[in-house]
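Here the structure comes first, spelled out in structure tokens, and everything after it is commentary.
None of the figures in this text is laboratory data; all of them are computed from the coordinates on show. Small disclaimer: the values here were computed from a predicted structure and weren't measured. Glycine also receives a Cβ, built like all others from the backbone with ideal geometry; neighbour counts cover every protein chain displayed.
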Amino acid sequence: MQRDVSIIPKSVHVERMEQNIDIWDFELTEEEMGQISAKDLGHSGIVDHSDPAFVKFIWQYHAE
Ligand SMILES: NC(=O)c1ccc[n+]([C@@H]2O[C@H](COP(=O)([O-])OP(=O)(O)OC[C@H]3O[C@@H](n4cnc5c(N)ncnc54)[C@H](OP(=O)(O)O)[C@@H]3O)[C@@H](O)[C@H]2O)c1
């Protein structure tokens, strides 16, 4: 939220769902924000959504 990036938290535990909603009374420090930014690979670790071959594959998959 501090980076204005959409977040999609998912949990099967009610107490964690509550934790994930309860985010409005604190802020992360610059150091904590830096630790999160450092995890960015700069590319998807699963698929490349800018690869025309993958886009064609997924388009055809959904069309079937
Ligand atoms: N990742 C993708 O590429 C992608 C793409 C499209 C849609 N989605 C959707 O986006 C949602 C999130 O997916 P995701 O891949 O980012 O996450 P995820 O790997 O599906 O689940 C998040 C993990 O974080 C844990 N967790 C959540 N809240 C926590 C908390 N407060 N403390 C400790 N652990 C916590 C969850 O464990 P517990 O459940 O055991 O709490 C789970 O192991 C899902 O609904 C998914 O279908 C994801």
State yes or no: is residue 6 within 14 Å of the ligand (Cβ to nearest atom), assigned to a loop (DSSP other than H, G, I, E, B) and either surrounded by 10 or more Cβ atoms within 10 Å (Cβ to Cβ) or hydroxyl-bearing (Ser, Thr, Tyr) (or both)? yes
Mind checking which pairs have a first residue in the stretch 15-32 that is under 11 Å from residue 2 (Cβ atoms) and a second that is surrounded by 11 or more Cβ atoms within 10 Å (Cβ to Cβ), Cβ under 8 Å, 6 or more apart or different chains? 28/36
In this structure, is residue 50 without any contact (Cβ under 8 Å) to a residue 12 or more places away in the chain and over 18 Å from residue 6 (Cβ atoms)? yes
Got a number for residues in the stretch 15-60 being assigned to a helix (DSSP H, G or I), under 17 Å from the mean Cα position of the chain (by Cα) and away from the ligand (no atom under 13 Å from the Cβ)? 6
Residues of the stretch 9-59 being small (Gly, Ala, Ser) and surrounded by 10 or more Cβ atoms within 10 Å (Cβ to Cβ), which ones? 11, 34, 44
